Amino acid sequence: MRSRWFGLVIAVVAVALSLWAYPRLPPSVVTHWSLNGTPDGYSSRLWALAIIPVMLVIMTVIFNVLPKIDPRHENYVKFLSSYWLIANAVIVFLLVAHGLIIAAGLGFSIKIDRLMPLGIGLLFVFLGNFLTRVEPNWFVGIRTPWTLSSDTVWRRTHRTGGWVFVIGGLVLASTALLPRAAFLPLLIATIVIMPAIPIVQSYVLWKREQSK
C-alpha cells in the first residue's frame, strides 16, 4: 500500500477483471445509480469496463508527478509513506467501485445506495487517520488560503480535520444501515458539515495569528 507503483498493480487487476467480464456482460451496463439505488445511467459494455482501469493508470501517474512539481516538494519527504497510503486508498476504492459495476452488470443484486455510502465512509475514516501526518503542500490535504499561508494554521487545522474525517466517515458509513427516510438528510448534512468545520477553523486560526 505504500508503493508508488501500487496503482499500476491495481490497474492490472482491474483490466484482468474487465477482460474476464466482457463476454459475460450485456451490451449495455448500468454505470450510475440515483441516491435511492435506482439505475439512471447506462454505458456501453466497452466503456463501462474501460473507464476505471484508464482512470487508475492516469491517477497513478498523477500521484507520482505531484510531489515533483509541488513548489513545496521538499515537505513530501516528511510524510511520503502517508502520502502513498492516502493515494493508494483512493485507488483501491476505485477498484471496488469497478467490481460493483461488473457485479451489477452480471445480474447480482447490488444495493449500491447502501454499499457506496459505506465504502465512502470507510475511506474517509482511513484518510482521517493519516490526515494529521500531511505536511504543508499544494495538492494533498485541507488546502484553503489560510492553511496555505501559515504552516501553524495548516498543522492545527489538519489535527482537527483528521478527527472530523473519522467521525464524518463513521456517520456516512452508518447511513447504510438507516431507514431510507433518514439516509438522504444525514448524508447531505455530513457532506456539508464535514468540510465546513476545518475550513472555518483555518480562517479563525489565521485571523488570530495575523492579529498577533
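The values are calculated or read from the model by the stated rules, or taken from the named source; none is laboratory data. Worth saying up front: this structure is predicted, and the values here are computed from it rather than measured. Cβ coordinates were reconstructed from backbone atoms using ideal geometry, including for glycine residues, and neighbour counts include every protein chain displayed.
Listed here are the residues, each with its yes/no results for (1) in contact with a strand residue (DSSP E or B) (Cβ under 7 Å, 6 or more places away or on another chain); (2) crowded, with 17+ Cβ neighbours inside 10 Å; (3) of a type in the set (S, T, N, Q).
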site	(1), (2), (3)
W5	no, no, no
V9	no, no, no
S28	yes, no, yes
G41	yes, no, no
L49	no, yes, no
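When P145 is tested against (1) of a type outside the set (D, E); (2) outside any helix (DSSP H, G or I); (3) within 19 Å of the chain's Cα centre (by Cα), exactly one condition is not met: (3).
Any residue at all in the range 105-120 that's within 26 Å of S202 (Cβ to Cβ) and not aromatic (F, W, Y)? Yes, the range 105-120 contains at least one residue that is within 26 Å of S202 (Cβ to Cβ) and not aromatic (F, W, Y).
Could you tell me whether the range 117-124 includes any residue that is more than 30 Å from A50 (Cα to Cα), of a type in the set (A, V, I, L, M, F, W, C) and touching a Phe, Trp or Tyr at 6+ places or on another chain (Cβ under 9 Å)? No - not one qualifying residue is present in the range 117-124. Residues in the range 105-142 that are part of a loop (DSSP other than H, G, I, E, B), in contact (Cβ under 8 Å) with a residue 40 or more places away in the chain, touching a Ser or Thr at 6+ places or on another chain (Cβ under 8 Å) and of a type outside the set (V, I, T): R133, P136. Taking the stated definitions as given, is K111 farther than 30 Å from A189 by Cβ and surrounded by fewer than 18 Cβ atoms within 10 Å (Cβ to Cβ)? Here the answer is no, as K111 does not meet what is asked. Among the residues in the range 46-59, are any modelled with pLDDT under 95, of a type in the set (F, W, Y), not in a helix (DSSP H, G or I) and not assigned by TED's automatic domain parsing to the domain that holds T175? No. For the range 78-97, indicate whether the set of residues that are surrounded by fewer than 18 Cβ atoms within 10 Å (Cβ to Cβ), in a loop (DSSP other than H, G, I, E, B) and not basic (K, R) is non-empty. No, the range 78-97 contains no residue that is surrounded by fewer than 18 Cβ atoms within 10 Å (Cβ to Cβ), in a loop (DSSP other than H, G, I, E, B) and not basic (K, R).
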